[in-house]
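Student: Take a look at this one; I'll ask things after.
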Amino acid sequence: MKWMNDSTAADEDLLLALLNTTPVVDGEPTDVLADRFANGSADAGAGELRELRELRELRELRDELQAVVRGETGAEHVNARLADVKLVPAIDSSGAVRWRLDGSGDALVGRALLGWLAVVEKGSSRLRPCANDECQLFLLDRSKSNTARWCSMATCGNRLKARRHQARVQGAPAAAGS
Ligand SMILES: [Zn+2]
């Protein structure tokens, strides 16, 4: 039996991890969903994946979510999936009310959908694609200012900054002439 995490942050993290399973590696788009979420992988929640069916559902959900977050489609399909998420209440030994996901097979899909629900509740614009056009990753902005643009400052942020700096150093003539 899996009890819900008290915080929704874990589900949001799972959602983001799911969205970020199609990184560009050496200029080529890749799909690392099976590596990240299949049994035996080191990632959180991986042990819950018991069936190939769930991997397929997870990939379907990811593809839909990516299209939604990129603004290519509306969220109707994803939102309709929420009807499959069932939470069962119970009172634990300390007297606290707990909610658990009903069913075990679809735990990752259910948790990713709960992550989506939490994101929507707080404002879905906080979940967005990285501003680097060559990057396929997403970011979840938890800052107050809500101005983050990069999946990672260490990679995309610095790369773009360096490129802009280089363009400035190499000079306006090229830019002006183009
Ligand atoms: Zn990026």
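Student: Have a look at Leu14, Val120, Leu139 and report the one farthest towards the positive end of the charge dipole of the range 9-146, computed about the Cα centre with Cβ charges (Lys/Arg +1, Asp/Glu -1).
Tutor: Val120
Student: How many nm separate the modelled label positions at Gln170 and Ala154, each set 7 Å beyond the Cα in the direction of the Cβ?
Tutor: So the two model labels end up 2.8 nm from each other.
Student: Could you tell me the calculated FRET efficiency between Arg163 and Ser143, based on Cβ-Cβ distance and R0 = 22 angstrom, to the nearest 0.05?
Tutor: Once the sixth-power term is evaluated, E becomes 0.35.
Student: While we're on this one: Over the Cα atoms of the range 52-178, compute the convex hull volume and normalise it per residue, giving Å³.
Tutor: Per-residue hull volume (Cα only) is 177 Å³.
Student: For every other residue with a beta carbon closer than 15 angstrom to the beta carbon of Gly157, add +1 if it is Lys or Arg and -1 if Asp or Glu, then tell me the sum.
Tutor: +3
Student: Which distance in nm do the two modelled labels at Ala83 and Arg70 give, with both placed 7 Å along the Cα-to-Cβ direction?
Tutor: With each label placed 7 Å out from Cα toward Cβ, I get 2.7 nm.
Student: For the pair Ala131 and Ser93, how long in nm is the line joining their label points, each one 7 Å along Cα→Cβ?
Tutor: Result for the modelled spin labels: 5.1 nm.
Student: What is the dipole size for the range 9-146, taken about its Cα centre, with +1 at each Lys and Arg Cβ and -1 at each Asp and Glu Cβ, in debye to the nearest 20?
Tutor: 540 debye
Student: Considering only protein heavy atoms, what per residue accessible area in square angstrom results for the range 9-146 with a 1.4 angstrom probe?
Tutor: 53 Å²
Student: Remind me, relative contact order of the range 9-146 in percent, using alpha carbon pairs under 8 angstrom and six or more residues apart?
Tutor: Contact order relative to length: 30 percent.
The values are calculated or read from the model by the stated rules, or taken from the named source; none is laboratory data. Note that the structure is predicted; figures quoted are calculated from it, not measured. Glycine also receives a Cβ, built like all others from the backbone with ideal geometry; neighbour counts cover every protein chain displayed. For the accessible areas, the whole protein counts, side chains as well, though only heavy atoms, and no ligand, DNA or RNA atoms are used. Shrake-Rupley method; radii C 1.70, N 1.55, O 1.52, S 1.80 Å.
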